[in-house]
Amino acid sequence: MRAEAEKLNLAVHGVYERHKNETDIEMHLEEVSRNGFSVIKSALTVEEVDYTRQKLDEIYQQQVDEFGLDNLIALKDRYIVRSMLAYDDFFLHKIACNEKILPVIKKALGNNISLSSQVGILNPPDDTLYQTAWHRELQYQHFTISRPIALQSLFCIDRFNATTGGTFFLPGSHLHEPFPSDEYAKKHEIQIIADPGDAVIFDALAYHRAGVNVSPNVRRAINNLYTLPIIQQQINFSRMMNGRFKDDPFLAGLLGYRWETADSVLAWRQSHLNNKKA
């Protein structure tokens, strides 16, 4: 990819300042900075995609059995699979810590990262989910910021296109506080075309929406929301993991162990003292 870019050598006139990328990571971050999103090809192997597809369906059925389908429907949480990494380490190591995705996230946010949420979406044929409405991943927020505080990775487990209801983005919408006019959104929306195993990284303030799946098959996807620790986790992963990976320097932060609110002044001081001694 970098070799192809170097062949371009675009001619310019009157240009004194010019952005240059030395790595694929920098190229993806430039796209996120300017457009709000970037597609990373083959983030998962064919075998990993097959395993993900199978386990998503299994964990979803387990969560239906735990909570009840009628209750999920009442919450508008049908077809949603939550916190899969607490059920299978594969979703921690191969999805949340994916070797093609995580370096881009770290380059943008640094090493002090919290995984705010991990959500699987089973988009059924001819059914409209609430995700088809335009939204930001940091919902209800109308502000812009000079550097990202949250990035999302969207793994395409099945093919994303017009038929399966691939995700739409509004390029550059993370740079503007209000949602644009209906006319502007309709004219400038871009639908992602991606193969199983591809992933999209995007700024959590970029407006996006799911398409409607008119194919005969379920379209599966996984969202991971990475944030600076100043943003609270949606679900407390550290409690769900019950102490697992607490001693791993990076995973302790990603899963939220390091950012848990202290119960008292004494507990806060003891925790920070323990960290200094470690």
Across region 54-111, the tally of residues that are open to solvent by 80 Å² or more (accessible area, probe 1.4 Å), touching a residue at least 40 places away in the same chain (Cβ under 8 Å) and in a helix (DSSP H, G or I) stands at 2
Going through region 237-253 in order, the residues found to be under 15 Å from Arg82 (Cβ atoms) and either loosely packed, with under 13 Cβ neighbours inside 10 Å or touching a residue at least 24 places away in the same chain (Cβ under 8 Å) (or both) are Phe237, Met240, Met241
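Conditions (1) among the acidic types (Asp, Glu); (2) closer than 21 Å to Phe202 by Cβ; (3) at pLDDT 95 or above, marked per residue:
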site: Asp65; (1), (2), (3): yes, no, yes
site: Arg82; (1), (2), (3): no, yes, yes
site: Ala86; (1), (2), (3): no, no, yes
site: Glu99; (1), (2), (3): yes, yes, yes
Among residues of region 137-191 being among the polar types (S, T, N, Q) and more than 23 Å from Asn224 (Cβ to Cβ), the residue most open to solvent (accessible area, probe 1.4 Å) is Ser146
Check: Within the bounds of region 254-265, is there any residue that is touching a strand residue (DSSP E or B) at 6+ places or on another chain (Cβ under 7 Å), assigned to a loop (DSSP other than H, G, I, E, B), touching a residue at least 60 places away in the same chain (Cβ under 8 Å) and surrounded by 12 or more Cβ atoms within 10 Å (Cβ to Cβ)?
Finding: yes
State yes or no: is Ile230 closer than 26 Å to Gly36 by Cβ, open to solvent by 60 Å² or more (accessible area, probe 1.4 Å) and under 21 Å from the mean Cα position of the chain (by Cα)?
-> yes
(1) loosely packed, with under 14 Cβ neighbours inside 10 Å; (2) modelled with pLDDT of 95 or more; (3) not hydrophobic (A, V, I, L, M, F, W, C) all hold for Gly14 apart from (2)
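The values are calculated or read from the model by the stated rules, or taken from the named source; none is laboratory data. Everything numeric here is computed off the predicted structure, so don't read it as measured data. Note: ideal-geometry Cβ built from the backbone for every residue, glycine included; neighbour counts use all protein chains shown. Surface areas here come from the heavy atoms of the whole protein model, side chains and all, with no ligands, DNA or RNA. Shrake-Rupley method; radii C 1.70, N 1.55, O 1.52, S 1.80 Å.
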